[in-house]
Structures are given as structure tokens and as C-alpha cells.
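The values are calculated or read from the model by the stated rules, or taken from the named source; none is laboratory data. Quick caveat, the model's predicted, so the values are computed rather than measured. A quick note on method: Cβ atoms are made from the backbone with ideal geometry, for glycine too, and the neighbour counts reach across all protein chains shown.
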Amino acid sequence: MRKNILGRLLTLFVLLFSFQMGAVEVQYSEEKGATDVKSEIKEYISHHLLDSYDFGLYSYTNDEGNHEYVGFPLPVIIWDDGLKVFSSSRLKHDEGVAEVGGNFYRSYHGKIYKTDAAGTLKMDADNHPEGRVHLDFSITKNVFTIFVVSLLILLVFNRMARSYKKGAIPTGIGRGLEPIVQYIRDDIAIPNIGVKKYKKYMPYLLTVFFFIWIINLLGLTPMGINVTNNIAVTLALALITFLITTFTANKNYWAHIFWMPGVPPLMRIVLAPIELLGTLIKPFSLMIRLYANITAGHIVLMSIIGLMFIFKNWLGSSLSFFLAFALSLLELLVAALQAYIFTMLSALYFGSAVEEHHEDH
């Protein structure tokens, strides 16, 4: 029963992605006069990977020839000669100009620019638009998703913790989460950090695992959610791991970096900069690994779906559909795998930071 439901949901997601790309193909052709389907698909993939100021599910052209977008707007919050707050619906999905306090703004490639009443953008010598508003505190699609997932984790685990007061076995969704929590404790935290010091790191390890996992699963839906596809998000997660490692490390950790025991003095001087650089490379690898794997998965999946519009026959489109369906199943594994790898490596770094010194015999 569960397998049937999962299969139907994945099929629905693939169909919705296909419908979205078909709608964008028609829209792109009408607006740009494009005839190259490959360029249209590439344009849609690039657009899909960007953050946006609204949730756009799909679009269509009405009888009057106007484009209608189905979704819901989010608040735009910028600082430009004072605080400006308005709804992203006034930007009309990058096609409109919003007048706020006598100033005119429009969105272009996921950024807000100050412009005139006609929405004209001035380009510099490198063909980049001028007038970007740099102080942008808007609740974008990614920010909204982070808030929702954070609130969801808080509510679920708070309810799970309260259920333990009634008995040793949690109730509701806690029954499904308890084996995962125990696995992170027994197979990730304790082996890498140690039975004496693992407890103070468990809240972070559990939070980062479920946060990345849920975010990655939402990225497989056709709502265009790509939070871990944003390198700023993966940078923030890696930076938290780096700060926890740095500020909880004991003197033995720093001694092995700056004055490695058991090594000739001259070699210590040579190895110290390398070891210090290694402390920065570790969080950098966390950031790049998560960002690159999620981005690559989205690009490959949407490219395979886009093949349906290139073949335009029952054989090629059918093969593309089933290949996309199989890849969607694989992406479910990748969503959990990336959360596991990030949590495992974070625990490994914490363990190296608090490892006790062992005397040589």
C-alpha cells in the first residue's frame, strides 16, 4: 500500500514538472520568439534553480493573451532611502514595476533593481544591470521554506519529547523518528565523539540531519524549492559546524595543529600552516559537497524531463518519463544520504576537537 502511494506521488511530481516545463516552453516561445527547444529548456532550468520572491506553481495564457501565474506572493523588504515593504505580487513575476514611496523597483534574475516607471534597466560595460538594491531582507521562497521547516522540526520534536513523559515509548510520529534518533546517537555521535562527550553535540547533530533531510525532500516537489542548492545556505551550515568545532576544542586539538607532538621541531614549523589550513578546508568541503550534489541532481532530473519536449514522440517521451521516475527514486536516497554525510562528518570533526591526549608507551 505504501509503495503504491509513493509511486503515485512520484509520478505526480514528474507529471507536474513536465507540465511546468511545457507551460514555460510555450511562454518562452511567445515572449522571446525562440524556436530552439534546447535553449528554452536550459532557460527554464536556470530559472528553476534561482531563488524567487514568490511561489510560482505554473503559468498559462488567458483568452486575452495575458500571462496568468498560479502561486502566492511573499513580502519584499528592502532598505533604499528608508524601509520599503510591499508584496511581491506587484512585481508580477519579473514582468511588472512596483512604485513604493515615489521610487520604482523591478525584479530581474532573482534580484531587486531600482528603475524608472517603464522598468528600464541600465546595463554596464559587462552587460550587467545597474541599480541593484543591496540591502534586501525579503522573505524569499528559500527563506520562507527555512522558517517553515524550522517550525516543523520544533513542533514535532517538542511533541515527541512530551510523549516520553507518558511512557518509555513515544506516540504518533515519534515512533517513526525514534529509530532515526537512536541511529544518529549510537552509530554517528558515540563512535565519533565518545560516550562521555557526545550529549552536548546531539541537539545540533539531530537538528542539522533532519533540517537537511526535510529540505532536500521538499526540493523534489514541483514547487521549485532549492534551499540547499543555495551556496549561502550550505555556507551557513558549514560555518556553524566550524564554529562549534573551534570553540569547543580542547588544548590537545590545538597542540596537534600548532605544535604536533612526536614530530621533529623543523617539521612542526612546516606542518603547522598545513594543519591550520586543514581546519578551513574541512567546512569548505562540507559546503561544496552538499551544494554540488543537490544542484547536480536537480539539473539532471529536469534535463531528463526536458527530453520529452525534444523527442516529441511516444517512444522517446516514454523512455524519458520512466528514466525521470527512476531518478526521482534515486534522489530520495540522495536526500537522506547528503543529510547523513553532513551529520557524520560534523560528528567526526567534533570528535577530533575533544579527543583526549594519549600518552605514548
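So here's what we get for this one:
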item: Unique match (being touching a Ser or Thr at 6+ places or on another chain (Cβ under 7 Å) and not aromatic (Phe, Trp, Tyr)) among SER328, SER318, SER346, SER303; result: SER346
item: Selection count where residues are modelled with pLDDT under 90, surrounded by fewer than 15 Cβ atoms within 10 Å (Cβ to Cβ) and over 30 Å from PHE72 (Cα atoms), scope the range 221-253; result: 2
item: Long-range neighbours under 6 Å by Cβ, at least six apart or interchain, first residue in contact (Cβ under 8 Å) with a residue 40 or more places away in the chain within the range 76-104, second in a helix (DSSP H, G or I) and surrounded by 12 or more Cβ atoms within 10 Å (Cβ to Cβ); result: VAL76/SER88
item: Residue match in the range 102-110 (condition: at pLDDT 80 or above, under 24 Å from the mean Cα position of the chain (by Cα) and surrounded by 18 or more Cβ atoms within 10 Å (Cβ to Cβ)); result: yes
item: Qualifying residue in the range 215-228 (condition: aliphatic (A, V, I, L, M) and more than 21 Å from TYR291 (Cβ to Cβ)); result: no
item: Among the residues listed as ALA292, ALA339, the single one being in the same structural domain as TYR201 (by TED's automatic domain parsing), part of a helix (DSSP H, G or I) and touching a residue at least 60 places away in the same chain (Cβ under 8 Å); result: ALA339
item: Flag if PHE210 is surrounded by 14 or more Cβ atoms within 10 Å (Cβ to Cβ) and part of a helix (DSSP H, G or I); result: yes
item: Residue match in the range 108-128 (condition: assigned to a loop (DSSP other than H, G, I, E, B), touching a strand residue (DSSP E or B) at 6+ places or on another chain (Cβ under 8 Å) and without any contact (Cβ under 8 Å) to a residue 12 or more places away in the chain); result: yes
item: For ILE153: the one exception among (1) part of a loop (DSSP other than H, G, I, E, B); (2) closer than 30 Å to PHE325 by Cβ; result: (1)
item: Enumeration of residues in the range 234-279 that are within 24 Å of TYR204 (Cα to Cα) and in contact with a Pro (Cβ under 7 Å, 6 or more places away or on another chain); result: ALA238, LEU239, THR241, PHE242
item: Residue in the range 138-154 that is of a type in the set (A, V, I, L, M), touching a Pro at 6+ places or on another chain (Cβ under 9 Å), surrounded by 11 or more Cβ atoms within 10 Å (Cβ to Cβ) and modelled with pLDDT of 85 or more present; result: yes
item: Lone unmet requirement of (1) surrounded by fewer than 16 Cβ atoms within 10 Å (Cβ to Cβ); (2) acidic (Asp, Glu); (3) under 28 Å from the mean Cα position of the chain (by Cα) for ASP51; result: (1)
item: Residue among VAL300, VAL270, VAL263, VAL227 that is part of a helix (DSSP H, G or I), in the same structural domain as SER346 (by TED's automatic domain parsing), β-branched (Val, Ile, Thr) and in contact with a helix residue (DSSP H, G or I) (Cβ under 8 Å, 6 or more places away or on another chain); result: VAL300
item: Among residues of the range 171-200, those that are within 24 Å of ALA335 (Cβ to Cβ) and either in contact with a Ser or Thr (Cβ under 8 Å, 6 or more places away or on another chain) or acidic (Asp, Glu) (or both), counted; result: 7
item: Failed item, numbered, when ASP81 is tested on (1) touching a Pro at 6+ places or on another chain (Cβ under 8 Å); (2) part of a loop (DSSP other than H, G, I, E, B); result: (1)
